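The values are calculated or read from the model by the stated rules, or taken from the named source; none is laboratory data. None of the values given here were measured: they were computed from a predicted structure. Here the Cβ positions follow ideal geometry from the backbone for every residue, glycine too, while neighbour counts run over all protein chains shown. Calculation scope for accessible area: heavy atoms of the full protein, side chains included, ligands and nucleic acids excluded. Shrake-Rupley method; radii C 1.70, N 1.55, O 1.52, S 1.80 Å.
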Amino acid sequence: MRKIRVAIATAAVAVTLGAVAPAAQADESQLDGLKIAQRVFDSGNPEQAYAGLSGAEKEAMEHSTKPVKTVLLKTEIQAVPGAKSEAGALGCWNTWQRWGKKAAAGNTVYTWWQGLEWCGSGGKITSYKVYDRGGETATPGWSYSGNDGAGSRNVGWEVRQYTKQKFTFGIGQYGYSTSECGQIRGGATGLYSQRASCTLS
């Protein structure tokens, strides 16, 4: 997980007619939302601790903990050792994909992944299996809640397999859960594609 740099707010001091202007309040961009979230969830009562935050602190925390953008973080593909790959003959491949959800601050809130192995012959899918799936998070307030579903479709020349992983964020009445999809489409010639979707059409 990428760490967010802490911007240290400096108070601007202006002397006007012999008077010193008050220090400006730190805005959201000058606060470390992850540290604020850690403080909230390390407290004995996160809901009360959150309620006691200033408006700027709540905004900074949301800026670092609210998932807003899905990205592909890592991809791997290789031929399965020992499998033939001549034209029209049996070929087997596998690919492993990891997706992530980014916060507005740029940090990764949580990630999920899937690994798929498939074989093809004569332009048709002959077999396939999921060999890995899961999710994780190290963001304060978030937890990984496990597998929330899966599905597949063999359309002949391509197999389409998705995994659905569940994550939970909790501060009392402010808590909620969300599920994320990751899909791999493996072709009978070894070509593949990926998408963060559960739609198999």
- [ ] Whenever you get a sec, line up Asp32, Asp42, Asp132 from highest to lowest accessible area (probe 1.4 Å, protein heavy atoms).
- [x] Asp42, Asp132, Asp32
Task: Kirkwood hydrodynamic radius over Cα pairs of region 65-198, then Stokes diffusion coefficient at 10 °C and 1.306 mPa s, in µm²/s - done: 101 µm²/s
Task: Net charge over other residues, Cβ less than 13 angstrom from the Cβ of Tyr162 (K, R count +1; D, E count -1) - done: +4
TODO: Could you do me a favour and compute the accessible area per residue for region 48-174, 1.4 Å probe, result in Å²?
DONE: 47 Å²
- [ ] At a 1.4 Å probe radius, which order do Val109, Val155 fall into by accessible area, largest first?
- [x] Val155, Val109
- [ ] Measure off, as a whole percent, the carbon and sulfur share of the 1.4 Å-probe accessible area of region 68-201, all protein chains present.
- [x] 48 percent
- [ ] Just tell me which lysines come within less than 27 Å, Cα to Cα, of Lys102; anything on the same chain fewer than 8 places away is out.
- [x] Lys3, Lys35, Lys58, Lys66, Lys69, Lys74, Lys164, Lys166
